[in-house]
Amino acid sequence: MKYNTDWDHPPEYCKTCSESRVKVNRNEKGTFQATKKDGTLLFTFGRCSAPPSHKQGGKADIKREWANRGYYWVAVPGTPHETYIIDRNPVVDGFIQQAGHMETTYSKEALHLGWIAMAIAVLGSDEE
């Protein structure tokens, strides 16, 4: 698999080509996984859930708000792995969707590059 590294000029890709689709399944814990056709894991994701009602304040209130707004979490593998809170389902009909950045320890630019990298990882690139 060849990857594009020119982030200022990402390649165009076709959203109707079946080769650009990712496969979504569940791992042994029941977490959704987005994988390439060869089985390479791109990211895991799921709907944000509210903490138990007895937990109040601070992070619990923030997590409850994320759940109420229907946000999703996305974990990109790596060491350390990167986790993002985004405003919509990251995969629709097998295609990776751009999503709004809501919360992360990483910058919005890092999330944007992450989406580009995931899309390119699915399709590959002719560049070395």
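Restricting segment 1-49 to residues that are modelled with pLDDT under 80 and outside any loop (DSSP other than H, G, I, E, B), which is surrounded by the fewest Cβ atoms within 10 Å (Cβ to Cβ)? Looking at the filtered set, the residue picked out is Ser18. Please verify whether segment 104-126 includes one or more residues that are surrounded by fewer than 17 Cβ atoms within 10 Å (Cβ to Cβ), of a type outside the set (Phe, Trp, Tyr), in a loop (DSSP other than H, G, I, E, B) and at pLDDT 60 or above. For segment 104-126, residues surrounded by fewer than 17 Cβ atoms within 10 Å (Cβ to Cβ), of a type outside the set (Phe, Trp, Tyr), in a loop (DSSP other than H, G, I, E, B) and at pLDDT 60 or above: absent. Within segment 59-88, restricting attention to residues that are loosely packed, with under 14 Cβ neighbours inside 10 Å and of a type in the set (S, T, N, Q), the residue that is modelled with the lowest pLDDT is Thr79.
The values are calculated or read from the model by the stated rules, or taken from the named source; none is laboratory data. Given the structure is predicted, the values throughout are model-derived calculations rather than measurements. We place every Cβ from the backbone using ideal geometry, glycine too, and count neighbours over all the protein chains shown.
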